[in-house]
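Bear in mind these aren't lab numbers, they're just calculated from the coordinates by the rules spelled out. The shown structure was predicted, so the numbers you read here are calculated from the model rather than taken from an experiment. Glycine gets a Cβ as well: all are built from the backbone with ideal geometry, and neighbour counts include every protein chain shown.
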Amino acid sequence: MPKFASFTVIPSIPERLAPLEELAKNIMWSWHHSIIELFRRLDRDLWDEVDHNPVRLLGVVSQERFDQLTQNDSFLNHLDRVVEMYNSYMYGPTWFQKNFAEAYPDMRIAYFSMEYGLTECLRIYSGGLGVLSGDHLKSASDLGLPLVGVGLLYQEGYFQQYLNADGWQQETYPQNDFYTFPVTQILDEDGESLKIDVHILDRTVYARIWKIQVGRIPLFMLDTNIPENNREDQDITDKLYGGDTEMRIKQEIMLGIGGTRALHAMGIKPTVCHMNEGHSAFQVLERNRLSMFNEGVSYKVAAQANGGGNVFTTHTPVPAGFDIFHPDQIYRYFQDYANELGISVDFILRLGRGPGDQSNSGLNMAILAATNSPLINGVSKLHSKTSRKIFRKAFGTIPEDEIFITPITNGVHYRSWISLEMEQLFDRYLGSRWREQPEDQSIWERVYKIPDEELWRTHERRRERLIAMTRNALYKQLMKRGSSQHDLDIAGEVLSPDALTIGFARRFATYKRANLFLLVTDRIMKLLSNKNQPIQFIFAGKAHPHDDAGKEFIRQIVHFARDQNIRRQIVFLEDYNISLARYLVQGVDVWLNTPQRPLEASGTSGMKVVPNGGLNLSTLDGWWDEGYDRDVGWSIGSGEEYTDKSYQDRVESGALYNLLEYEIIPRFYNRGQDGLPRQWISMMKHSIARLGPVFNTHRMVMEYFERFYLKAHQRITFLIEDNFKNAIELGDWKHAVKDNWDSLEILNVIAENTDNIRVGEKLQIRAEIDFGNLDPEDINVEVYYGSLDSNNDILGGATMPMNLVSKVSQNVGVYEIHLPCTISGRIGYIVRVIPDTARTTVKHEMLLIKWADMAD
Ligand SMILES: *Cc1c(COP(=O)(O)O)cnc(C)c1O
């Protein structure tokens with residue numbers, strides 16, 4: 001091919017309509033119906049044709065149409081209202097400004113994620129992780145946090161899905177042309193693209209930086225597809241989750257190291273770095289490198305300081321889900337980098353294994369992140385518990401219950417997921433504050449004031465829209481597949497706008513068991529063939545390109561749906577994406593989810609139906625384990641975990657059929673004189689009122705802010721003040737404590753009258769501690785106690801501090817506690833010593849515990 005010169009053509013928009021350009025470039029339209037409506041008014045058909053991408057829309061709308069609109073008062077009014085709203089959103093006071101900006105003027109949070117699900121036209125996400133990142137940024141914008149996002153701008157992104165005639169998934173990778181997207185390039189002072197570079201193997205790889213404006217939040221995205229790079233390196237930012245481990249490590253180097261360099265190049269100095277999943281954990285190393293070279297401190301001091309400002313969210317419920325790089329691979333990619341940092345590759349490998357692990361295993365990105373951030377969370381209560389189990393090895397002898405992985409349960413950004421109709425209904429009955437403060441329970445209580453009839457009609461309108469969209473989409477996908485006229489005719493008749501509609505859409509990972517409802521054909525056929533109380537299913541979802549078992553699930557569903565008798569009641573829609581997801585969660589009556597507990601870390605799609613009045617039917621896993629009660633939805637089973645998976649499938653499919661047959665279908669069709677399903681509507685209201693205030697990203701981001709970001713910011717600010725004085729002191733102290741830990745001894749433990757203590761009495765416990773080479777100020781002595789189980793293990797232990805009451809000698813102190821005995825039964829206790837907790841962010845940060853020998 002010859003080389004082409006290029007130039008860029010931009011639309012010429014009349015002066016009066018000029019604000020449209022800025023509106024198009026800020027994807028805050030994706031959660032403001034009034035802005036979307038404005039774009040749709042430009043040209044409704046074109047809006048759909050351009051994949052809901054307003055930048056492209058402005059490029060294809062005709063000059064004539066623009067001229068017409070400059071004469072259209074109603075449109076101009078709408079535009080002016082939107083501009084006013086836009087300005088007050090962008091520049092008005094926010095939660096952060098009102099409450100924290102003054103106290104924390106230097107606070108900057110960098111949020112790293114491998115994928116972002118923001119809006120349908122930006123195909124740079126694969127599933128739940130990406131949508132969560134997107135919703136996180138949107139709520140951070142609403143709350144006004146000083147946060148920036150960091151990611152990769154994939155030329156092809158995640159694949160588009162279509163099915164062949166046999167129902168087998170096919171993948172295509174359309175190219176994104178960023179010049180027609182709501183993204184802008186970051187330029188340097190000379191107006192050239194700003195570039196950063198990263199050393200990868202023997203090459204220098206360059207990346208330019210794009211920005212996606214998400215309301216108030218800038219999201220910076222790296223792109224290696226530039227002529228300075230060779231072909232292979234250009235492809236680093238081609239596909240999301242596309243390549244092998246070589247590709248993966250390059251992408252993660254680009255995200256963690258490149259992303260950190262990009263922020264630095266733009267003069268952004270984050271105090272808090274939030275790693276959303278372990279993919280970005282190399283930022284830990286790069287952050288330290290920057291401190292070394294800019295502040296002149298050693299690696300150790302840099303790590304001590306920056307470690308205080310890191311935050312890590314883990315999303316994986318199984319060890320197989322971690323990214324692990326073979327030691328040889330780390331040697332190949334990190335030898336030069338380690339030299340530059342003055343550390344060894346072995347040292348980096350050890351950071352990625354955890355102190356408890358002496359093996360020669362590879363570098364685990366999640367452990368690299370975890371060992372360098374004291375603030376770690378799982379994404380639901382159940383998942384935190386699971387995480388403490390699977391990270392256990394990396395945390396030394398810390399009891400599992402005390403491992404510092406705490407839950408911050410996921411949420412969704414309601415305004416991105418709620419239908420226009422439901423939004424208007426809430427505005428009328430709840431007031432507009434539900435938009436800004438969805439975490440406020442008292443607002444959602446007002447749902448009970450909405451007349452049943454109105455809530456139901458609103459919901460039914462959205463069900464009708466869903467059915468219409470489904471017929472349309474099915475028709476298109478059958479056309480593409482070259483189906484017969486007969487099949488095309490049926491597409492126009494599938495599903496009924498009045499029937500109980502059950503949705504299932506998500507990644508087709510096998511643990512989610514999309515085909516569970518098919519397990520016993522007789523039972524599902526019986527339910528489907530009842531014409532008096534009809535039910536129907538809509539499915540959608542992509543299997544990972546390498547996951548043949550997931551693709552087989554799709555094929556099974558498609559084949560099942562070919563049966564003449566039920567083909568109007570089961571539809572599989574191709575190419576699940578955010579737009580399709582919105583239609584589904586806004587229109588279904590029931591949202592079905594069947595993960596194998598505990599493999600669904602949180603799950604978020606079920607939360608999206610909540611503000612839309614849909615009801616959840618799910619196994620008790622992830623968020624549903626904490627959200628479920630019988631007034632708000634249904635649980636398949638009661639949280640059992642099985643080792644025999646096929647037995648589990650039989651039990652749980654049985655439970656699913658029973659719920660459908662005896663509870664869900666009858667309740668849906670139990671209509672009063674007025675045709676309303678009053679009991680059903682009452683459940684809808686309970687679901688909105690009780691789950692509404694909890695499972696949203698405002699609540700979630702506020703939790704991250706109050707529990708993690710503030711702490712991390714204060715911590716790192718303290719550590720780096722006076723040229724890292726406190727980091728140096730802390731490092732020296734930690735070092736001394738670690739080196740001398742073995743010199744510490746618990747000499748003896750004496751408890752008085754342990755026989756027949758009554759509830760309400762106190763037990764006196766004393767212990768003599770030989771400080772060895774340490775001082776009393778270096779340690780905390782405490783008693784760890786709790787009810788004993790049949791194995792003589794403590795269940796859910798608690799601790800109380802013991803006080804130094806006297807000294808036997810210079811080196812030996814007596815500690816004492818009067819332990820209140822509040823419950824009856826057999827109580828176990830043990831005395832232990834840990835390093836002084838006042839000096840660290842979290843209690844067990846140093847992973848050191850000295851346990852007393854209580855045997856005698
Ligand atoms: C919300 C969402 C997901 C996540 O669904 P889960 O049920 O939580 O796995 C995946 N894909 C899209 C397009 C979504 O909108």
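Per-structure values
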{"quantity": "The stretch 110-170 versus the stretch 713-744: alpha-carbon centroid distance in Å", "calculated": "39 Å"}
{"quantity": "Packing rank of 199-209, 509-519, where each peptide gets the mean count of other beta carbons within 10 Å, highest leading", "calculated": "509-519, 199-209"}
{"quantity": "Percent RCO, i.e. relative contact order, over the stretch 1-73, from Cα pairs under 8 Å lying at least 6 residues apart", "calculated": "38 percent"}
{"quantity": "Summed side-chain charge close to ILE217 - residues other than ILE217 whose Cβ falls under 15 Å, Lys, Arg +1, Asp, Glu -1", "calculated": "+4"}
{"quantity": "For GLY639, residues with placed amide H under 5 Å, excluding near neighbours", "calculated": "LEU620"}
{"quantity": "For the stretch 96-109, Karplus couplings with θ = phi - 60° (6.51, -1.76, 1.60), whole Hz, Gly/Pro x", "calculated": "5, 4, 5, 9, 10, 4, 5, 6, 10, x, 9, 5, 9, 10"}
{"quantity": "Helix-only mean residue ellipticity at 222 nm for the chain, each DSSP H run of n ≥ 4 adding -39500 (n - 2.57), per residue, nearest 500", "calculated": "-11500 deg cm²/dmol"}
{"quantity": "Beta bridge orientation in the chain: antiparallel %, DSSP, nearest 5", "calculated": "55 percent"}
{"quantity": "Under 26 Å from LYS3, Cα to Cα: lysines that are on another chain or at least 8 residues apart", "calculated": "LYS195, LYS239"}
{"quantity": "Phi to ³J(HN,Hα) by Karplus 6.51 cos²θ - 1.76 cosθ + 1.60 over the stretch 606-622, Hz, x for Gly, Pro", "calculated": "x, 6, 6, 6, 4, x, 8, x, x, 10, 8, 10, 7, 5, 7, 9, x"}
{"quantity": "Candidate lysines - alpha carbon under 17 Å from LYS393, same-chain residues fewer than 8 apart omitted", "calculated": "LYS385"}
{"quantity": "Amide proton proximity set for CYS273, modelled H, under 5 Å, gap of 5+", "calculated": "ALA110, ASN310, VAL311"}
{"quantity": "Net dipole in debye of the stretch 15-91 [+1 Lys, Arg Cβ; -1 Asp, Glu Cβ; about Cα centre; nearest 20]", "calculated": "160 debye"}
{"quantity": "Per-bin percent of Cα-Cα distances, the stretch 108-407 [20 Å]", "calculated": "34, 59, 7, 0"}
{"quantity": "Among 122-128, 56-62, the order from most to least packed when residues are scored by Cβ within 10 Å on average", "calculated": "122-128, 56-62"}
{"quantity": "Cut-off 13 Å between beta-carbons: net charge of the residues surrounding GLU460, Lys and Arg +1, Asp and Glu -1", "calculated": "-1"}
{"quantity": "Cα centre as origin, Lys/Arg/Asp/Glu Cβ charges: the stretch 108-407 dipole, Debye", "calculated": "1100 debye"}
{"quantity": "Once the Cα gyration tensor of the stretch 50-117 is diagonalised, semi-axes √(5λ) in Å", "calculated": "36, 21, 8"}
{"quantity": "Cα Rg, Dmax, the chain, angstrom units", "calculated": "29.2, 96"}
{"quantity": "Cα gyration tensor, the stretch 619-746 - rounded (a/c under 1.5), prolate or oblate", "calculated": "oblate"}
{"quantity": "Cβ-defined net charge surrounding ASP73, 12 Å radius [Lys, Arg +1; Asp, Glu -1]", "calculated": "0"}
{"quantity": "With Cα atoms, 0 to 90° folded angle of helix 645-658 axis to the chain main axis", "calculated": "50 degrees"}
{"quantity": "Between helix 548-560 and the chain: long-axis angle, C-alpha atoms, 0 to 90°, nearest 10", "calculated": "40 degrees"}
{"quantity": "Förster-model FRET efficiency, 22 Å R0, LYS807 and GLU752, C-beta, rounded to 0.05", "calculated": "0.60"}
{"quantity": "Potential extension, ASP177-HIS559 segment - 0.36 nm per residue separation minus Cα distance", "calculated": "133.9 nm"}
{"quantity": "Residues whose placed amide H lies under 5 Å from that of SER126, excluding near-sequence neighbours", "calculated": "none"}
{"quantity": "Within straight-line cross-link reach of LYS608, lysines at Cα separation under 21 Å, skipping those fewer than 8 residues along the same chain", "calculated": "LYS138, LYS381, LYS512, LYS542, LYS685"}
{"quantity": "Mean separation of Cα contacts under 8 Å (6+ apart) over length of the chain, as relative contact order %", "calculated": "11 percent"}
{"quantity": "C-alpha long axis of helix 710-740 to longest principal axis of the chain, angle in °", "calculated": "40 degrees"}
{"quantity": "Peptides ranked, highest mean first, by Cβ atoms within 10 Å: ranges 436-442, 44-50", "calculated": "436-442, 44-50"}
